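Asker: Take this structure, written in structure tokens, and hold onto it; I'll ask about it next.
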Amino acid sequence: MLASGTWGWGENLNKFLSLEEIKTSIGALVTKGISLKPREGNPPPRISEVPCGLINFIGLENPGIKDFKTKYLGVIKAYGVPVIVNLYGESIEDFVILAKELKGEVSGLELNISCPNVEKGGILFSESPKLVRELVTKVRKVWDDFLAVKLSPFGPVFEVAENCKKAGSDALVVANTYPALKVLNLNPLKILKGGLSGPAIKPITLRLVWELSQKLTLPIIGCGGIITGKDVLEYLFCGAKAVQIGTANLINPKSVSIIMKELENIHIG
Ligand SMILES: Cc1cc2nc3c(=O)[nH]c(=O)nc-3n(C[C@H](O)[C@H](O)[C@H](O)COP(=O)(O)O)c2cc1C
């Protein structure tokens, strides 16, 4: 799958990959986080490279659910690949309304719980297993199709994961980015705080996938630092049932197709 936020809005996908390549190498397109209202995101700089990775501070820029449905969803669906919409909400009610808006329109939902619950004083959903259980239970009531929760890699991850299972989530996406900081300039000091992704996070996320798969029976979709076919196999051998590819798309938009070819030619032994 192509991970949320790393392949634009679908308008350029066929400029880099043929329709054949898209259909044979992409299991699902996971959209950038969609919220009820449009969000402009943060002012620049909002992305910067670090050794073996990338820090992003995009701030969940998106057109909002209405424009997403009228202007973008059609383009994405035209590729003929299952579409999973990543949802961003500031309250449980936001997520429920978003899920209702998408009923019958797409193959699945991915709940991004690495966002603040404004109603509960700005606490991140991912910091409260109880809140996550309530969130998943309420979305499950209005959504019959595939439902995944995208975990934050920090906080009470195991309790959150268990509650996702109890509340009826079909799978877990493990995981989102890690809080990080880059010094852009020493004097005057200028920093970029954001989420770290790319090969730098692979060993940490891989360990999380391993630990969670030992403890839970819920299917895990591994996501973090996958660049090569061997990275995919490592995730699958450590307990993931599927994978998502993010930052690799920003390095080379043909990455998924190259990774698939590498997988076909890998010899394990
Ligand atoms: C530029 C950028 C934007 C992202 N936007 C979102 C987003 O909107 N929602 C979300 O859940 N994850 C978002 N992510 C996180 C990725 O989907 C993925 O979980 C993370 O980057 C780790 O995978 P990777 O190392 O393969 O990139 C974003 C990542 C990047 C680099």
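The values are calculated or read from the model by the stated rules, or taken from the named source; none is laboratory data. Since we're looking at a predicted model, the values are computed, not measured. Counting neighbours? That spans all protein chains shown, and the Cβs are built from the backbone with ideal geometry, glycine included. We work out accessible area using only protein heavy atoms, side chains counted, and drop any ligands, DNA or RNA first. Shrake-Rupley method; radii C 1.70, N 1.55, O 1.52, S 1.80 Å.
Asker: Report the Cα centroid-to-centroid distance between the stretch 48-117 and the stretch 1-37 in angstrom, as an integer.
Answerer: Measuring centre to centre over Cα atoms gives 12 Å.
Asker: Would you mind classifying the chain by shape? Square roots of the alpha carbon gyration tensor eigenvalues, ordered a ≥ b ≥ c; an a/c under 1.5 is rounded, otherwise it is prolate if a/b is larger than b/c and oblate if not.
Answerer: Details: a/c = 1.16, a/b = 1.10, b/c = 1.06.
Judged from the Cα gyration tensor, the chain comes out rounded (a/c under 1.5).
Asker: Where only protein heavy atoms count, and the probe is 1.4 Å, what is the accessible area per residue for the stretch 127-176 in Å²? Could you put the intermediate results ahead of the total?
Answerer: Details: 1970 Å² over 50 residues.
Accessible area per residue: 39 Å².
Asker: Could you report the stretch 184-232's accessible area per residue, 1.4 Å probe, as an integer in Å²? Mind dumping the intermediate values first?
Answerer: On the way: 2480 Å² over 49 residues.
Result: 51 Å² of accessible area for each residue.
Asker: Sorted by average packing, counted as other Cβ atoms within 10 angstrom per residue and highest first, what order do 240-248, 221-229 take?
Answerer: Working: 240-248: 22.6, 221-229: 24.4.
Going by the mean number of other Cβ atoms within 10 Å, highest first, we get 221-229, 240-248.
Asker: Restricting to DSSP loop positions (anything but H, G, I, E, B) with no more than 16 other Cβ atoms inside 10 Å of their own Cβ, which chymotrypsin sites (Phe, Trp or Tyr not before Pro) remain in the stretch 132-232? Don't skip to the answer; put the middle values down first.
Answerer: Numbers: sites: W143, F146, F154, F158, W210; in loops: W143, F154.
Those satisfying the criteria are F154.
Asker: Whenever you get a sec, compute what percent of the accessible area on the stretch 196-269 sits on carbon and sulfur atoms (1.4 Å probe). Each step should come with its number before you reach the end.
Answerer: Details: 2310 of 3660 Å².
Solvent-exposed carbon and sulfur of the stretch 196-269 make up 63 percent of the total.
Asker: Same structure, new question: A3's amide H: which non-local residues (gap 5+, or another chain) put their own amide H closer than 5 Å, with H modeled 1.01 Å from N in plane and none for Pro or chain starts?
Answerer: I245, G246
Asker: Follow-up question, since we're still on this one. When only Cα pairs under 8 Å and 6 or more residues apart are kept, what is the percent relative contact order across the stretch 178-269?
Answerer: Numbers: 128 pairs, mean separation 20.9, N = 92.
The normalised contact order for the stretch 178-269 reaches 23 percent.
Asker: A further question follows. Please report, in cubic angstrom per residue, the volume enclosed by the convex hull of the alpha-carbon atoms of the stretch 4-59.
Answerer: Values: hull volume 6.8 nm³, N = 56.
Enclosed volume per residue, from the Cα hull, is 121 Å³.
Asker: Tell me the net charge near W143. Cut-off is 13 Å between Cβ atoms, W143 excluded, with +1 for each Lys or Arg and -1 for each Asp or Glu. Show your work: numbers first, answer last.
Answerer: Numbers: positive: K100, K103, K138, R140, K141; negative: E101, E105, E110, D144, D145, D170.
Spelling it out: positives minus negatives among the neighbours equals -1.
Asker: Cross-link list K103/K230; K23/K138; K71/K182; K15/K241; K23/K103; K202/K241: which exceed 27 angstrom alpha carbon to alpha carbon? Numbers along the way, then the final one.
Answerer: Values: K103/K230 36 Å; K23/K138 33 Å; K71/K182 35 Å; K15/K241 29 Å; K23/K103 24 Å; K202/K241 16 Å.
Going by Cα-Cα distance, K103/K230; K23/K138; K71/K182; K15/K241 fall outside the 27 Å limit.
Asker: For the stretch 110-269, divide the Cα radius of gyration by the Kirkwood radius and give the resulting Rg/Rh value with two decimals.
Answerer: Numbers: Rg = 17.1 Å, Rh = 16.9 Å.
Checking Rg against Rh, the ratio lands at 1.02.
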